[in-house]
Amino acid sequence: MSTSEKEAILKYLSTIVVNSDVLEAFMKLDRRKFLPAKYSDIAYSLKHIDQPIQITKNYNTTALGLGVKMVDLLELKKSDKVLEIGTGSGYYTALMAEIVGAENVYTIEFDEEAYNLAKNNLKEYHGIHLIFGDGSLGYISGSPYDKIIVWASSPTFPYALYQQMKEKGIMIVPISDNEKRQGLYRIYKGETGSPVITKVMDVYFTRLRGLCGFWY
């Protein structure tokens with residue numbers, strides 16, 4: 001990777017990202033360390049910025065442009081407590097840890113291969129709470145959370161996760177609109193506990209597995 005490649009990506013991200021802390025964290029991380037070696041040459045390829053990259057037998061990591069935008073939509077600030085559903089390679093976990101502090105990040109992975117990959121990739125981030133389990137249920141032990149991000153499509157409104165979010169909290173989550181289409185949603189928890197739901201865009205993610213996900 002040349003410096004110019006990463007700077008070209010940064011220039012593009014600057015057009016879609018509002019939070020400067022996200023861009024600063026992006027520049028600190030080396031995405032190549034979180035990808036299989038055979039894909040390291042496209043880690044910062046502008047041509048592949050909207051392309052998911054396979055990280056395990058069963059899973060891809062979210063395309064860089066979309067993934068960074070989703071993190072930006074969380075409106076993260078220092079010391080926010082974050083719950084991440086679907087650790088994947090750990091890249092976006094690390095990105096958020098750079099902003100809020102590793103000790104404030106709780107991340108759950110359902111797939112054993114991905115969990116082991118993330119555990120290895122995140123070993124330098126002491127304090128991150130990496131959990132192997134059913135992310136569709138959330139993680140009550142760490143709740144309540146300021147922000148929640150989900151990297152798989154929920155079959156419906158993710159009530160179990162919403163219950164674990166603080167008032168004025170934000171959740172970014174893909175939800176299946178129907179059998180063929182998904183939407184990316186921003187869910188804000190009002191002071192009365194009522195949700196304010198905004199559709200951001202159409203997306204396509206793998207299905208959220210678990211008791212409160214797609215169990216079949």
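Any read-out appearing in this document is the output of simple, stated calculations on the displayed coordinates, not a laboratory observation. What you are looking at is a predicted structure, and each value in this text was computed from that prediction instead of being measured. FYI the Cβ positions are ideal-geometry reconstructions off the backbone, even for glycines, and counts take in every protein chain you see.
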Margin query: Amide H of residue 182 versus every other amide H placed in the peptide plane: which residues, excluding those fewer than 5 positions away on the same chain, fall under 5 Å?
Written below: 177, 203
Check: Here are several values of semi-axes √(5λ) of the Cα gyration tensor in Å: [x] 25, 19, 18; [y] 30, 19, 15; [z] 36, 19, 16. Which one was derived from the coordinates shown?
Finding: [x]
Check: What are the ³J(HN,Hα) values, in whole Hz, obtained from phi via the Karplus relation 6.51 cos²θ - 1.76 cosθ + 1.60 with θ = phi - 60°, for each residue of segment 101-108 in sequence order, with x given for Gly and Pro?
Finding: x, 4, 5, 9, 10, 10, 9, 10
Check: What shape does segment 62-163 take by its C-alpha gyration tensor, where a ≥ b ≥ c are the square roots of the eigenvalues and a/c under 1.5 counts as rounded, a/b above b/c as prolate, and the rest as oblate?
Finding: rounded
Note to self: Mean-square fluctuation check for the chain, GNM, Cα pairs under 10 Å: which of 180, 33, 199 is largest?
What the structure shows: 180
Notebook entry, point to check: Which loop GluC sites (Glu not before Pro) in segment 60-138, with loop taken from DSSP, have no more than 10 other Cβ atoms within 10 angstrom of their Cβ?
Noted result: 124
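With Cβ to Cβ distances under 13 Å as the rule, what net charge do the other residues near residue 191 carry (K, R +1; D, E -1)?
Every neighbour counted, the sum reads +2.
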Notebook entry, point to check: How much length is gained on full extension from residue 45 to residue 5, taking 0.36 nm per residue of separation minus their Cα-Cα distance?
Noted result: 13.7 nm
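Rounded to the nearest 20 Debye, what is the dipole magnitude of the chain about its Cα centre when Lys and Arg each give +1 and Asp and Glu each give -1 at the C-beta? Could the numbers behind the result be given before it?
Working: 25 positive and 25 negative charges, 43 e Å.
Computed charge dipole of the chain: roughly 200 debye.
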Next item on the list: Tally the DSSP beta bridges in the chain and give the antiparallel ones as a percent, rounded to 5.
Entry: 45 percent
Notebook entry, point to check: Around residue 209, which amide H atoms from residues at least 5 apart in sequence, or from another chain, sit under 5 Å from its own amide H, with H modelled in the peptide plane?
Noted result: 214
